[in-house]
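Written out below as structure tokens is the structure these notes cover.
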Amino acid sequence: MIVVVLGVAGAGKTTVGRALAEGLEVPFLEGDGLHPAANIAKMTAGRPLDDADRAPWLRTLSDRIRQSSRSGRRLVVSCSALKRAYREELRAAAPGVWCLYLALDRDTARARVSRRTAHFMPLRLVDSQFEILEPLDPDEPGATVDAAGDPEATLARARRAVAGFGAGPDR
């Protein structure tokens, strides 16, 4: 079982992902930490990434998912995975990859990102994420939860969704 927590900036991917991993007693992988330095520099400068920029990052994420699966380890990953093609690449890395999409409206995302102090993602890139966003389709393995409320409510919805996936109760 590998859960990919995805969504736009400000959706709570890291917060939810860490809490899910802790509750499931599995490792947590912060996808932002795997971006090449050139990607971080580009985003810090306020320029959105394109598919070519994301390709090495997605390969690295896929490799980590593949390694975890091959060793029989469960894992929770946080990453944007905004396009279906990105999610398909991650799912191709291992059987059992399941996506948890944290749905968030643009205004809430902008408000949350504007309050961040220690992240490379500037406010002006939020709109670019919504421009490429492809929410989970009904045929994709995963679930969508509303992330617009307070973090505890979002986490409770996320835990129910993961439990429904068959990951077992969140401890």
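The values are calculated or read from the model by the stated rules, or taken from the named source; none is laboratory data. Being a predicted model, the structure only gives us computed values, none of them experimental. Positions of Cβ are backbone-derived with ideal geometry, glycine not excepted, and every protein chain shown enters the neighbour counts. Please note that ligands, DNA and RNA were not included when accessible areas were found on the heavy atoms of the full protein model with its side chains. Shrake-Rupley method; radii C 1.70, N 1.55, O 1.52, S 1.80 Å.
Okay, here's what the table says:
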| item | result |
| --- | --- |
| Region 132-158 residues that are under 16 Å from residue 97 (Cα atoms), paired with ones that are surrounded by fewer than 17 Cβ atoms within 10 Å (Cβ to Cβ) and of a type in the set (D, E, K, R) (beta carbon under 8 Å, 6 or more apart) | 137/84; 140/84 |
| Selection within region 28-73 - in a helix (DSSP H, G or I), modelled with pLDDT of 90 or more and charged (D, E, K, R) | 51, 53, 54, 59, 63, 64, 66, 70 |
| Flag if residue 105 is free of Cβ contacts under 8 Å to residues at least 40 places away in the same chain and either of a type in the set (A, V, I, L, M) or surrounded by fewer than 19 Cβ atoms within 10 Å (Cβ to Cβ) (or both) | no |
| Among the candidates 134, 89, residue that is over 25 Å from residue 157 (Cβ atoms), out of contact with any Pro (no Cβ under 6 Å at 6 or more places or on another chain) and open to solvent by 20 Å² or more (accessible area, probe 1.4 Å) | 89 |
| Whichever residue in region 50-70 is basic (Lys, Arg) and open to solvent by 50 Å² or more (accessible area, probe 1.4 Å) and, among such residues, is farthest from residue 86 (Cα to Cα) | 70 |
| Residue 12 vs. criteria touching a Pro at 6+ places or on another chain (Cβ under 9 Å) and surrounded by 21 or more Cβ atoms within 10 Å (Cβ to Cβ) | yes |
| Residues that are surrounded by fewer than 18 Cβ atoms within 10 Å (Cβ to Cβ) and part of a helix (DSSP H, G or I), drawn from region 16-26 | 18, 22 |
| Residue in region 27-49 that is in contact with a strand residue (DSSP E or B) (Cβ under 9 Å, 6 or more places away or on another chain) and open to solvent by less than 10 Å² (accessible area, probe 1.4 Å) present | yes |
| Residue match in region 101-111 (condition: at pLDDT 95 or above, touching a strand residue (DSSP E or B) at 6+ places or on another chain (Cβ under 7 Å) and in a helix (DSSP H, G or I)) | no |
| Extreme residue, farthest from residue 23 (Cα to Cα), among residues of region 138-156 that are open to solvent by less than 70 Å² (accessible area, probe 1.4 Å), out of contact with any Leu (no Cβ under 9 Å at 6 or more places or on another chain) and not small (Gly, Ala, Ser) | 140 |
